[in-house]
Amino acid sequence: MEYTGERIVPEVMKPKNGMLKEHIARYEFASQYCYGRVLDLGCGVGYGAEILLDLDDENTIQQVVGVDFDAESIQYAKEMYGYLKTEFIQADARSQKLHQELGSFDCIICYEMIEHLLEDELVIRNIAKMLNPRGFLMISTPFGKGKGKPCASPFHVHQYLEKEFVELLEPYFDIEMYHQVDVTIEKPVPGKKYYLMLAICRNKE
């Protein structure tokens, strides 16, 4: 699997690579919320499943389902991380039949995916349909200049202002916002510069 600069491929990257460490930190952060059936939507090559299962000391995770649009990534995930509790599926997060295809989940992780898609509202609706009533959604995206504005990454459709990201999620979820810089994920500290925002979401009561 070739590293293109966008998808994280731990096996071909140096362990001290900053982007790799940041991505690993997000899965480590998510692990404290994960239980039951877990969906990693936009899983890339599937390394997140290994991190979540390794950190599941109390054996509360029943299954990690990794889903990605890219066939090569899913094949790689099956070969590298095809453990007893994992399943990797090629599917489109924009599919209106996604809930029927995948079922429901106690925890959904959607890291660094939403900024790649024009149909962001459709994807969030799909996520809301799949998340069980008492479940958690962890979703992250980089800070940007706003929807529809040019951004530095050639892989991104746009990058959100925090207000826009919150507005995308608010119709469906109660939200707790965190910010990330390097491997630190924390409640925002006034005056501190962050690269990425991460929302912990619960279904609205």
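The values are calculated or read from the model by the stated rules, or taken from the named source; none is laboratory data. This is a predicted model, so every value here is computed, not measured. Every residue, glycine among them, receives a Cβ derived from its backbone with ideal geometry; neighbour counts consider all protein chains shown.
Observations, loosely collected:
- In the stretch 128-202, counting only strands (runs of 3 or more DSSP E) that sit wholly within it, the ones holding 3 or more residues that are without any contact (Cβ under 8 Å) to a residue 40 or more places away in the chain and either closer than 21 Å to D40 by Cα or among the basic types (K, R) (or both) span 173-181.
- Residue match in the stretch 51-59 (condition: in a helix (DSSP H, G or I) and within 23 Å of F173 (Cβ to Cβ)): yes
- Test: residue in the stretch 3-10 that is at pLDDT 95 or above and either in a helix (DSSP H, G or I) or within 13 Å of the chain's Cα centre (by Cα) (or both): no
- So I74, is it part of a helix (DSSP H, G or I), at pLDDT 95 or above and either surrounded by 15 or more Cβ atoms within 10 Å (Cβ to Cβ) or out of contact with any Gly (no Cβ under 8 Å at 6 or more places or on another chain) (or both): yes
- Those residues of the stretch 159-205 which are modelled with pLDDT under 95 and in contact with a Cys (Cβ under 6 Å, 6 or more places away or on another chain), in sequence order: Q159
- Qualifying positions in the stretch 167-189 - within 16 Å of the chain's Cα centre (by Cα), surrounded by fewer than 18 Cβ atoms within 10 Å (Cβ to Cβ) and within 20 Å of E121 (Cβ to Cβ): I175, M177
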